[in-house]
1. Counting only DSSP beta bridges with both residues in the chain, tell me the antiparallel percent, nearest 5.
2. Tell me, F94, F101 in order of fewest to most beta-carbon neighbours within 10 Å?
3. In the chain, what is the volume of the convex hull around the alpha carbon atoms, normalised per residue and reported in Å³?
4. Give me T24, T6 ranked fewest to most by other Cβ atoms within 10 Å of their Cβ, as a rough exposure proxy.
5. For a quick check: sort K21, K69 by the number of other beta carbons within 10 angstrom, fewest at the front.
Amino acid sequence: MAASDTASHRAVLAATAASDKLATDLVALDVSDQIALTDVFLICSGRNERMVQAIADEVEERLLEDGAKRLRQEGRADGRWILLDFGDIVVHVFHEEERLFYQLERLWRDCPLISLPAELLNGGDANTQEGL
């Protein structure tokens, strides 16, 4: 079973919002075959706590405008790893150091990637989806 069209659309929408706030290393994973609770993980990074907060705020605002409902959030106070759960998509906004430590995308490396627009992938940087 693949991620729903709605979840895939929201992954691109969330990735665009994150990119607009200068998020780096965007990766969208279709976890629908592995987890019954969600279809997509979107993972991205910010260079500092303020940037992580700004990325999370923008992603949340855009998804809410699209009709998504935030079910839960974690980590907003610290700004090191913010998790936003919208049901069909879970967004992980990491501080760069936490991202390197947890290596979440390596844990889910068997899951297929969801295609994101090339302009969101840091200009084809080696640390983007293609570099996994």
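Any read-out appearing in this document is the output of simple, stated calculations on the displayed coordinates, not a laboratory observation. These numbers come from a predicted model, not from an experiment. FYI the Cβ positions are ideal-geometry reconstructions off the backbone, even for glycines, and counts take in every protein chain you see.
1. 65
2. F101, F94
3. Expressed per residue, the convex hull around the Cα atoms of the chain is 93 Å³.
4. Listing T24, T6 from fewest to most nearby Cβ atoms yields T6, T24.
5. Fewest to most other Cβ atoms nearby, the residues stand as K69, K21.
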